[in-house]
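Each remark here refers to the structure printed beneath this line.
The values are calculated or read from the model by the stated rules, or taken from the named source; none is laboratory data. Bear in mind that the values here come from a model prediction, so they are computed numbers and not experimental data. No Cβ is skipped: glycine too gets one built from the backbone with ideal geometry, and neighbour counts run over all protein chains shown. Calculation scope for accessible area: heavy atoms of the full protein, side chains included, ligands and nucleic acids excluded. Shrake-Rupley method; radii C 1.70, N 1.55, O 1.52, S 1.80 Å.
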Amino acid sequence: MNRLIRPAALALATLALTSACSGSGGSGDKADNGQQAVRAEQAAAPAVTFPAPRQAPSPAATLAKVPAKGEVILEQGPFTDRVRVTALKITDKPSVTGHFAITSDVSDVLALELRAAFYDERGRLVGTGSFQYAEEGEAGEAAHGSAGHSGPRAEGAGIDFTATPKTPLTGAPASAVLSVPVLVNE
């Protein structure tokens, strides 16, 4: 008789363990339904988004490769593949001048910012300058929509620009790096 009890107890234990692990039974189904509801709620929740940076990254304090005296380099960035910047030069004022044109489409430019980082002969940062262009707000919309608007436009043939420092530089600039941190089209 003892021989029959052991296999029966083992079979009963195996059945109980199998039932508990497989999730069959009334309470297991309720747990799965709860997990499915949580997954559906997570899928319906909006994705987390972060605001855009409020300002462009600071220029490098020193350059690894020092440009030639008088050279202005266009820094590659998120907008440089759809613009053409030509006639770049550093002036005695000091400032960086050039010509900016959109190449990707013909939509109007609403806002544009160009930043110039000025470097001395050793490649050390001596200051920054900027050029801003905006056709936003009431004045921009009035000029943009009026037939008599004769000012420069960044779209089409493009515009000439001058990026000038707002504060005095800490040394004599020998070269510059130009970046395009803001470009907003219609």
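Descriptive notes on the structure:
- Residue among P152, P168 that is open to solvent by 60 Å² or more (accessible area, probe 1.4 Å), at pLDDT 95 or above and farther than 21 Å from K65 by Cα: P168
- The lone exception for G158 - which of (1) modelled with pLDDT under 80; (2) crowded, with 18+ Cβ neighbours inside 10 Å; (3) farther than 17 Å from P181 by Cα it fails: (1)
- Screening E136 against (1) modelled with pLDDT of 85 or more; (2) open to solvent by 30 Å² or more (accessible area, probe 1.4 Å) leaves a single unmet condition, (1).
- Residue pairs meeting the criteria (Cβ under 8 Å; at least 6 apart or on separate chains; first without any contact (Cβ under 8 Å) to a residue 40 or more places away in the chain, in segment 95-112; second of a type outside the set (S, T, Y) and loosely packed, with under 15 Cβ neighbours inside 10 Å): T103/R82; T103/R84; S104/D81; S104/R82
- Condition met for F50 (at pLDDT below 95, open to solvent by 40 Å² or more (accessible area, probe 1.4 Å) and not in a helix (DSSP H, G or I)): yes
- Any hit, segment 88-95, residues being surrounded by 15 or more Cβ atoms within 10 Å (Cβ to Cβ), under 24 Å from the mean Cα position of the chain (by Cα) and under 22 Å from S58 (Cβ atoms): no
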